[in-house]
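The values are calculated or read from the model by the stated rules, or taken from the named source; none is laboratory data. Here the structure is a predicted model, which means the values were calculated and not measured. All Cβ positions, even for glycine, are placed from backbone atoms using ideal geometry, and neighbour counts span all protein chains on display.
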Amino acid sequence: MNIGNYIDHTLLKADATLGEIERLCVEAETHQFFSVCVNPVWVKTAKKFLSHSKVKVCTVIGFPLGASTSETKVFETKEAIVNGADEIDMVMNIGALKSGNTEQVASEIEAIVSASAGRALVKVIIETSLLTDDEKKTACQLVESARADFVKTSTGFSTSGATVEDIKLIKSIVDERMGIKASGGIRDYTFAEKLIRSGATRIGASASVAIINGRKS
């Protein structure tokens, strides 16, 4: 299994430097990762570094809490696409979901999908560690109904990250057209492989080089 093709090579820490972003892009191109995932401020830079590469540029919206207004998320999305983002990983309004305000959650995802239509793929981070199984099911159904492209498990900034159980649960809920991105706490080849065999079609990781080399980060 060529796990490298599944990986969004990720650097989202607050103190990331220009040199680290450049290294991230070089590593992604060298190891043929699917994309780099960077904060919005680095999208234009990453796109420049990867201008002659097949590696995509992914960025995060409403990150990491999902608590920005819908209008802010839409603006972030449009700006990111103008700057060169190929993929958008937006954080769902978790508080709205847990409050039972599914219309607000759906409307926001639909707005992001609309803003990205024909220009960028949309993944929705549902932050599984903060949800019950029933809430995970509702979240997945809302993401699918809004015509987003992926359900993504985690930001990597919450109480825990991806689990095999959550990937299996998400796979049992969404249609086959939906992608499933596992992220958060993925640091070795064995775990990444288990997640893929359980249904993950993309892996978000900062330990990507260690993963493909079969080492634990």
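Being at pLDDT 95 or above, surrounded by 17 or more Cβ atoms within 10 Å (Cβ to Cβ) and not hydrophobic (A, V, I, L, M, F, W, C) is not true of THR72. Within this structure, ARG197 fails the test of being farther than 30 Å from ASN83 by Cβ, modelled with pLDDT under 95 and not hydroxyl-bearing (Ser, Thr, Tyr). Name every residue in region 93-123 that is in a helix (DSSP H, G or I) and among the polar types (S, T, N, Q), in order of residue number. If the condition is that a residue be in a helix (DSSP H, G or I) and among the polar types (S, T, N, Q), then THR102, GLN104, SER107, SER114, SER116 are the ones that fit.
Just for region 139-186: of the residues that are in contact with a helix residue (DSSP H, G or I) (Cβ under 9 Å, 6 or more places away or on another chain) and on the phi > 0 side of the Ramachandran plot, which one is surrounded by the most Cβ atoms within 10 Å (Cβ to Cβ)? If we take residues in region 139-186 being in contact with a helix residue (DSSP H, G or I) (Cβ under 9 Å, 6 or more places away or on another chain) and on the phi > 0 side of the Ramachandran plot, then GLY184 is surrounded by the most Cβ atoms within 10 Å (Cβ to Cβ). No other residue among THR45, THR30 is touching an Asp or Glu at 6+ places or on another chain (Cβ under 9 Å) and either loosely packed, with under 15 Cβ neighbours inside 10 Å or farther than 26 Å from THR201 by Cα (or both) apart from THR45.
Within the option set ALA28, ALA16, being of a type in the set (Gly, Ala, Ser), part of a loop (DSSP other than H, G, I, E, B) and modelled with pLDDT of 95 or more holds for one residue only, ALA16.
When restricted to residues that are closer than 22 Å to THR59 by Cβ and hydroxyl-bearing (Ser, Thr, Tyr), region 163-217 contains 4.
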